[in-house]
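Novice: Here's a structure for you.
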Amino acid sequence: MGFISRIQLKNFRNYPELELDLEPGISVFRGRNGQGKTAFLEGLGFLSLLRSIRSSHTRHLKNWQSDHFGIRACLDRVTRPELDLNVYYGEKRQLSLDGNRVATTSDFIGVIKSVAFMPEDIEIVKGSASWRRQYLDILLSQLSPGYLQSLKHYQKALKSRNQILKRGVNVDLELDVWDDILIQHGCEVLQARIDLLPRLSQAVSQLVSKMLKEDFVLDLRYNNSVAKNAESLVSSYREKLYENRERDKLYKVTHQGPHRDDLQINLNGRSLSHFGSEGQCRLSSLILKAAAVELLLPVEKPDCLILLIDDVLGELDEFSRRAFLKCVSRGDQVFIACTEIPVGLEAYDYKVYEVDEGRVSTAV
Amino acid sequence: MKLYPDQFQQAIETIASLPGIGKKGAEKLALAIYSWPESKLKHFASLIDSMQHDLHNCEQCGFFSQKDLLCPICSDSKRNNELICVVEQVSQLPVIEKSGSFKGLYHVLHGKLSPMRGIGPEDINIDSLVQRCKDNHVHEVILATATDIEGQATASFIAKLLNEQGINTTRIAQGIPIGADLNYADAASIAMAINSRREL
């Protein structure tokens, strides 16, 4: 229901200074390669997730001649007063909402919800398990309040436990203590991921039936490294850690937990990453991202859901493209970066902006 | 370009190295100190000098004491010596003391367990706590370490050690501060307050 009505970028990628008024609905950013289309989407994505949608390191987002970057936006919430979001990354990070400092990232993330469709999304299917965990984590951070906090606590506890394993001598009592904390936050993360799966699977199968004519059955399964079923999560987790403690000590690393889990994706009963064609893998990764949109849309009182679409439409045939556009057109604000206006978009109202060497102007 | 004499510049830089003080603030403070009468200045210098020589950590609890004596709290015979409250930092002891709600003794850890920063049990004041509890027949130890996960880990570690010796341990309550508006409390504090609710 809300939308970003104004954005300012300062020293962000190839934008030394940009101020732009935006409108709800679909906006197309057209330009030649290397002009700053993706960088603009990245700026919007950063405002939502405080991380790069291209998985670049935050320190690489600033203009290379500058020592800081800033993003400022005005969120028009339609029925409520406007909200001013400000992000500054210099020597220190500063986040503020309506001028009030926000101390933790988890209080800032999720004010604007987002889903980004990027060419590298194919890694969700073909890449290592960390891509799939990241996909689940980004979705859950926006979907369930508290998830990001649990994940951060889990990661800190995991690093602490691994440090103790590296130290090696006389560590059993300390490991007992950190195991308790690891299990507490690990179970919060696991439970959220396990609970998400049926909803995600349902959204995926609905999208498949809308976007594809042929037989295409995508099956998702969460491969849990600590417990076979969700009922005995805590006790199985504890047993697993205890069982593997000597092995963990030997290799000086924690072998089980949500950080080792995977989302298994099968197409028509067979592993997609092993047996799927390039086209099937691309299409499946796009469906997974579109399923995230389906899940984020019905969230109560959404402040704003923005969709960032970078160069992924060209890979779809006409039927799939129309179905995809129908799904994403429901976002509060949709930003499409492209070299040419995609076929199929003529069915919708959209506004065109021209991007040229770090400048954005409204097309006439 | 250096405007101040070298000695004065060094004083500014030393003051600026204190927590929470920037370069401008340090300059202001240095100028203020310079304007003091000689007697006040000398007294201040002697106080700083005596910090190194006369102040020690109390050998029983780790709080400040003068010379090699016990601190005023440990040497107060009216305090309940079967009850010990464990805090991370010296600065947290006066905070609890000012509340007037605690009449036992204290134990300052001088840190918390932090594997990521290489701080283990032997780097903080834990051994002396265990020994002290055994020697003095302590009945209960209240763990008032921080609420972050390292503070939690420190509290659990101490609890495990002391429970093995048959000594009771408790953790201070966590949740909504007195006088705080529920509307502005963060989710984690509310969750903690709900989980540790009590019957009326």
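The values are calculated or read from the model by the stated rules, or taken from the named source; none is laboratory data. Quick caveat, the model's predicted, so the values are computed rather than measured. Cβ: placed from backbone, ideal geometry, glycine included. Neighbour counts: every protein chain shown. With ligands, DNA and RNA removed, areas are computed over all heavy atoms of the protein, side chains included. Shrake-Rupley method; radii C 1.70, N 1.55, O 1.52, S 1.80 Å.
Novice: From a point 7 Å beyond the Cα of B:Q174 in the direction of its Cβ, which residues of region A:177-192 have a backbone N at a distance under 17 Å?
Specialist: What the label zone holds, given the 17 Å backbone N cut-off, is A:177-189.
Novice: So what is the orientation-averaged projected area of region A:122-256, using the convex hull of its C-alpha atoms, in nm²?
Specialist: 9.5
Novice: A further question on this structure: Where in region A:218-235 does the amide nitrogen come within less than 20 Å of the point 7 Å from the Cα of A:N244, taken along Cα to Cβ?
Specialist: Taking a point 7 Å out along Cα→Cβ of A:N244, the residues of region A:218-235 whose backbone N falls under 20 Å are A:221-235.
Novice: If you don't mind, there's one more thing I want to ask. Under a straight-distance cross-link criterion of Cα-Cα below 16 Å, which aspartates and glutamates are reachable from A:K166, leaving out those fewer than 8 residues away in the same chain?
Specialist: Filter leaves A:E174, A:D176, A:D179, A:E246, A:D248.
Novice: Let me ask another. At a probe size of 1.4 Å, how large is the accessible area of B:T145, to the nearest 10 Å²?
Specialist: Solvent-accessible area, nearest 10 Å²: 10 Å².
Novice: Quick one: pull the percentage of alpha-carbon pairs in region B:1-115 with a separation above 22 Å.
Specialist: 54
Novice: Sticking with this one: Take the alpha-carbon positions of the protein assembly as shown, form their convex hull, and give its projected area averaged over all directions (one quarter of the hull surface) in nm².
Specialist: Averaged projected hull area, Cα only: 35.1 nm².
Novice: Roughly how many nanometres apart are two label points built 7 Å out from the Cα toward the Cβ at A:S128 and B:K42?
Specialist: For the pair A:S128/B:K42, the computed spacing is 6.8 nm.
Novice: Could I ask something else about it? Given a Förster radius of 51 Å and the C-beta distance between A:E357 and A:L197 as r, what FRET efficiency does 1/(1 + (r/R0)^6) yield to the nearest 0.05?
Specialist: 0.70
Novice: Between B:Y184 and A:E315, how many nm apart are label points set 7 Å from Cα along the C-beta direction?
Specialist: Result: 4.9 nm between the two label points.
Novice: Which cross-chain or sequence-distant (5 or more) residues have an amide H under 5 Å from the amide H of B:L113, H modelled 1.01 Å from N in plane?
Specialist: Hits under the 5 Å cutoff: B:T154.
Novice: Convert each backbone phi in region B:142-158 into a coupling constant with the Karplus relation 6.51 cos²θ - 1.76 cosθ + 1.60 (shift: θ = phi - 60°), then list the ³J(HN,Hα) values in order as whole Hz, x for Gly and Pro.
Specialist: 9, 9, 10, 6, 4, 8, 6, 6, 6, x, 4, 4, 4, 4, 5, 4, 5
Novice: What figure, in Å² to the nearest 10, do you get for the accessible area of A:R247 with a 1.4 Å probe and non-protein molecules left out?
Specialist: 110
Novice: In what sequence, largest accessible area first, do A:W64, A:W178, A:W131 appear using a 1.4 Å probe?
Specialist: Largest accessible area first, the list is A:W64, A:W131, A:W178.
Novice: Could you list which residues have their amide H under 5 Å from that of A:S114, counting only those 5 or more apart in sequence or on another chain, with H placed in the peptide plane?
Specialist: A:I306
Novice: With θ taken as phi - 60° and the coefficients 6.51, -1.76 and 1.60, list the Karplus ³J(HN,Hα) couplings across region B:171-177 in order, rounded to whole Hz; mark glycine and proline as x.
Specialist: Result, rounded to whole Hz: 10, 4, 5, 10, x, 7, x.
Novice: Points 7 angstrom from Cα along the Cβ direction at B:D6 and B:R198: gap in nanometres?
Specialist: Using points 7 Å along Cα→Cβ, the separation is 6.3 nm.
Novice: Take every Cα pair under 8 Å in region A:193-238 that's 6+ residues apart, average their separations, divide by the length, and report that relative contact order as a whole percent.
Specialist: 35
Novice: Output ³J(HN,Hα) for region A:83-89: one whole-Hz value per residue in order, computed from phi by the Karplus curve 6.51 cos²θ - 1.76 cosθ + 1.60 with θ = phi - 60°, and x for Gly and Pro.
Specialist: In residue order, the calculated couplings are 10, 9, 10, 9, 10, 10, 10 Hz.
Novice: With a 1.4 Å probe and all protein chains in place, put B:H43, A:H274 in order of accessible area, largest first.
Specialist: Result of the area sort, largest leading: A:H274, B:H43.
Novice: Carbon and sulfur together cover what percent of the accessible area of region A:138-236 at a 1.4 Å probe radius?
Specialist: The value for region A:138-236 is 51 percent carbon and sulfur by accessible area.
Novice: Over the heavy atoms of B:H56, what accessible area does a 1.4 Å probe trace out, to the nearest 10 Å²?
Specialist: Here the residue's solvent-accessible area equals roughly 70 Å².
Novice: Run the helix sum for the protein assembly as shown: -39,500 (n - 2.57) per DSSP H stretch of 4+ residues, divided by residue count, reported at 222 nm to the nearest 500 deg cm²/dmol.
Specialist: Result for the protein assembly as shown, helices only: -13000 deg cm²/dmol.
Novice: Then there's this: List the pairs from A:K152/B:K24; A:K10/A:K326; B:K112/B:K160 whose alpha-carbon separation is above 26 Å, in the order I gave them.
Specialist: Among A:K152/B:K24; A:K10/A:K326; B:K112/B:K160, the Cα-Cα distance tops 26 Å for A:K152/B:K24; A:K10/A:K326.
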